[in-house]
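The values are calculated or read from the model by the stated rules, or taken from the named source; none is laboratory data. As the structure is a computational prediction, the values presented were derived from the model and not from experiment. Please note: Cβ atoms are built from the backbone with ideal geometry, for glycine as well, and neighbour counts cover all protein chains shown.
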Amino acid sequence: MESLHKPQLRPEEFRLINEFVSGEFGFILDESRAGFLSSKLAPRLTELRLETFSDYYAHLKFSPHFSEEHKKLLSLITNNETYFFREEAQLSVLNAHVLPELKEKKSRSQDKKIRIISAGCSSGEEVYTLAMILLESSHFLWDWDVCITGIDIDTEMIARAVSGIYSGRAFQTTPPHLIERYFSKCDEGYQVKSSLKRLTSFKVGNLLRQESFDSKDTADIIFCRNVFIYFSEDTTKKIVENFARVMGKDGHLFLGHSESISGASSRYLQVRYPGAIIYRKRD
Ligand SMILES: C[S@@+](CC[C@H](N)C(=O)[O-])C[C@H]1O[C@@H](n2cnc3c(N)ncnc32)[C@H](O)[C@@H]1O
């Protein structure tokens, strides 16, 4: 018979597991996320036949399979949900305001290079969405050097992004003519065509570590949407500081619509557009 025992996450256990997460992955979960952590980990405790979160903490530290468990923990506490053309209002601001302005500025200085980062890209839908927007906008023609780089801490997500095969919910808000233009049908669903793929690159990296970013290239635009939701203010602050270091002058930062960095950094200026707020790096 199934056990009805439901483990309770005590404050001390939350602190221990959070310390572990911080030491291993670098980020600190906000204290308000104790309920979230408990609900995410409880099924794993059942699978492992562990009674308490303290047992789970010991398992993380001392199990002979600890490295596998660390990966499992990471994918349990991070949310990988994503889809093409997510949060339309921001994408419209990118298309109607940010890209034309960027094109004009770069053309004036004869610098036909555009670098965009999707920080916390999950399985890559945001990266390919940005590539489609760029190609459809016709702002950047064949002689521009364009690269959109997706970075994520989750190795499995980056492998999916590189494979570029999608189906079902990933396309929930994708205009059908764009599926037709940029994907070919395959057994598992649809595969990204090379016209899109050639504008992209992917890497496994932790946004808290400066070495996750390419030191040669400055970023013109960073998308970091739906990543800060479960982080403490301190963790968010460190990540936006890292962004400021890799961003060029007037670089633009897009966050998820419910996320804000107003308390976390003075390095950016808030710019309001209808339906979206974005952040511009101060000089
Ligand atoms: C909810 S998804 C967001 C995907 C996409 N940006 C979007 O809005 O559709 C959040 C992603 O952030 C990644 N992530 C969380 N913490 C990270 C960190 N410290 N470094 C890199 N990626 C991280 C997770 O692995 C997850 O794939």
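Some values worked out for this structure:
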item: Test: residue in region 190-207 that is closer than 18 Å to Gly124 by Cβ, within 16 Å of the ligand (Cβ to nearest atom) and assigned to a helix (DSSP H, G or I); result: no
item: Odd one out for Ala170 among (1) crowded, with 16+ Cβ neighbours inside 10 Å; (2) farther than 30 Å from Lys238 by Cα; (3) away from the ligand (no atom under 15 Å from the Cβ); result: (3)
item: Residues located in region 105-151, provided they are surrounded by fewer than 21 Cβ atoms within 10 Å (Cβ to Cβ) and either more than 18 Å from Thr218 (Cβ to Cβ) or within 11 Å of the ligand (Cβ to nearest atom) (or both); result: Ile133, Leu135, Glu136, Ser137, Ser138, His139, Leu141, Trp142, Asp143
item: Hits in region 213-225 - residues which are within 13 Å of the ligand (Cβ to nearest atom) and either under 21 Å from Gln90 (Cβ atoms) or at pLDDT 95 or above (or both); result: Ile222, Phe223, Cys224, Arg225
item: One residue from Leu253, Leu208, Leu269 being surrounded by 15 or more Cβ atoms within 10 Å (Cβ to Cβ) and either over 27 Å from Gly164 (Cβ atoms) or out of contact with any strand residue (DSSP E or B) (no Cβ under 7 Å at 6 or more places or on another chain) (or both); result: Leu208
item: Pairs where the first residue, in region 80-96, is closer than 27 Å to Ala159 by Cα and part of a helix (DSSP H, G or I) and the second is small (Gly, Ala, Ser) and within 9 Å of the ligand (Cβ to nearest atom), C-beta under 9 Å, 6+ apart; result: Gln90/Gly256
item: Exclusive hit being in the same structural domain as Glu233 (by TED's automatic domain parsing), crowded, with 17+ Cβ neighbours inside 10 Å and either of a type in the set (S, T, N, Q) or within 16 Å of the ligand (Cβ to nearest atom) (or both), set Val21, Val93; result: Val93
item: Residue check, Glu101 acidic (Asp, Glu), exposed (fewer than 11 other Cβ atoms within 10 Å of the Cβ) and in a helix (DSSP H, G or I); result: no
item: Selection within region 226-283 - away from the ligand (no atom under 16 Å from the Cβ) and of a type in the set (Lys, Arg); result: Lys249, Arg267, Arg272, Arg280, Lys281, Arg282
item: Residue count, region 81-101 (criterion: more than 20 Å from Phe228 (Cβ to Cβ) and either hydrophobic (A, V, I, L, M, F, W, C) or touching a helix residue (DSSP H, G or I) at 6+ places or on another chain (Cβ under 9 Å) (or both)); result: 7
item: Every pair of residues 6+ apart whose Cβ atoms lie under 7 Å, when the first sits in region 52-76 and is farther than 18 Å from Ile28 by Cβ and away from the ligand (no atom under 16 Å from the Cβ) while the second is part of a loop (DSSP other than H, G, I, E, B) and not β-branched (Val, Ile, Thr); result: Thr52/Pro7; Tyr56/Leu50; His59/Leu50; Glu69/Ser63
item: Residues of region 77-88 classified as within 17 Å of Leu29 (Cα to Cα) and near the ligand (Cβ under 6 Å from one of its atoms), total; result: 3
